[in-house]
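Notes follow the structure.
The values are calculated or read from the model by the stated rules, or taken from the named source; none is laboratory data. None of these values were measured; they are calculated from a predicted model. Positions of Cβ are backbone-derived with ideal geometry, glycine not excepted, and every protein chain shown enters the neighbour counts.
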Amino acid sequence: MHFDAMHWADTRVEVHKVVVGPMDNNVFVLRCRGTGQAVLIDAANEADRLLPMCRSLGVGRILETHGHHDHIQAVPAMRDAGYEVGISAEDAPMLAAADFTIEDDAVTEVGRLRLRAIFTPGHTPGSMSFLVEGSPVLFSGDTLFPGGPGKTSGPGGHFATIIRSIEERLFSSLEPDTVVMPGHGADTTIGAEQPHLEEWVERGW
C-alpha cells in the first residue's frame, strides 16, 4: 500500500502527518530516509488508519508525548498489532499498559536518526517533547502551540511548570528556526513563539 502523508523533509528526515479523532489530534511518523526505519509519535485515535501507515512506512515502535485520553485511544490496538509503546514514568498510570518508559534526555535511534526526549512537564506531570538531533524538528505534544502553552487547567496540569519547561528546556536550548510540530493544529517555530513568553505569563494561560 502506498501511503502519502508527507509533511516535512530534508536530506535525512521524513515527517509524515495525519489528523485523527474528534479532537483533531496530529499523529506524526518520523522516518529515516537512509534506512526506512521509523517511529510513530502519539497513537491518538483511528487505529484502522494508523496501522496501514505504520506498515507502509516501516514503523518499529510508538512514543507517546503524554498520557491524556485523546492522545492514547489507538494504543491498545497498536500494541495488539505488535508495536511497543513508550511513555514517561510520570504519565504511565494514564495508560492501560506500556512496554517501556521514556526518561529525560533518552535517545531513540531511528535508523541513522537520533530522537532525543526532552522532559517538559506542565500540561501533564510527565509530558515529553522529542527533538530530531541534527534536523530542526521538535515534536512538542501539547506543551507548545502557535500562540502559547497547552492547557494546564486539567488534572495534573500546572501553569508555572509549563512556562518553566518552555523557557528552560525549549527556548533556551533550541535554534530559532526549529520547526515545532504540536499535538493539534499547525506548525510554528521557536523563533516565532519566543518573543511572546512574557505575554503568556501575564495573561496566565
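Odds and ends about this structure:
- Residue match in the stretch 156-171 (condition: in contact with a helix residue (DSSP H, G or I) (Cβ under 7 Å, 6 or more places away or on another chain) and assigned to a strand (DSSP E or B)): no
- Checking each residue in the stretch 12-48 for being of a type in the set (S, T, N, Q) and under 11 Å from residue 71 (Cα atoms) picks out 25, 26, 45.
Yes/no per residue for (1) closer than 15 Å to residue 104 by Cβ; (2) in contact with a strand residue (DSSP E or B) (Cβ under 9 Å, 6 or more places away or on another chain):
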| residue | (1), (2) |
| --- | --- |
| 125 | yes, no |
| 130 | yes, yes |
| 135 | no, yes |
| 144 | no, yes |
| 147 | no, yes |
| 150 | no, yes |
| 155 | no, no |
| 169 | yes, yes |
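- For first residues located in the stretch 66-77 and more than 15 Å from residue 23 (Cα to Cα), partners that are assigned to a helix (DSSP H, G or I) and lie 6+ apart or on another chain with Cβ distances below 6 Å form the pairs 77/47.
- Strands (runs of 3 or more DSSP E) wholly inside the stretch 5-91 containing at least 3 residues that are modelled with pLDDT of 95 or more and of a type in the set (A, V, I, L, M): 13-20, 25-32, 38-41, 59-63
- Against the test of being buried (at least 22 other Cβ atoms within 10 Å of the Cβ) and not acidic (Asp, Glu), the options 126, 86 yield a single qualifying residue, 126.
- Checking each residue of the stretch 143-161 against the condition of being crowded, with 22+ Cβ neighbours inside 10 Å and closer than 25 Å to residue 10 by Cβ gives at least one match.
- Test result for residue 192, assigned to a strand (DSSP E or B) and under 27 Å from residue 18 (Cα atoms): no
- Verdict on residue 139 being surrounded by 21 or more Cβ atoms within 10 Å (Cβ to Cβ) and of a type outside the set (Ser, Thr, Tyr): yes
- Scanning the stretch 89-105 for residues being under 24 Å from residue 172 (Cα atoms) and surrounded by fewer than 18 Cβ atoms within 10 Å (Cβ to Cβ) gives a total of 3.
- In the stretch 39-53, residue nearest to the chain's Cα centre (by Cα) [restricted to those that are among the hydrophobic types (A, V, I, L, M, F, W, C) and crowded, with 24+ Cβ neighbours inside 10 Å]: 41
- Here residue 11 clears all of (1) more than 22 Å from residue 92 (Cα to Cα); (2) surrounded by 19 or more Cβ atoms within 10 Å (Cβ to Cβ) except the condition numbered (2).
- Residues satisfying the stated conditions in the stretch 168-191, i.e. farther than 19 Å from residue 118 by Cβ and either among the hydrophobic types (A, V, I, L, M, F, W, C) or at pLDDT below 95 (or both): 186
- Qualifying positions in the stretch 109-135 - assigned to a loop (DSSP other than H, G, I, E, B), small (Gly, Ala, Ser) and within 14 Å of the chain's Cα centre (by Cα): 126, 127
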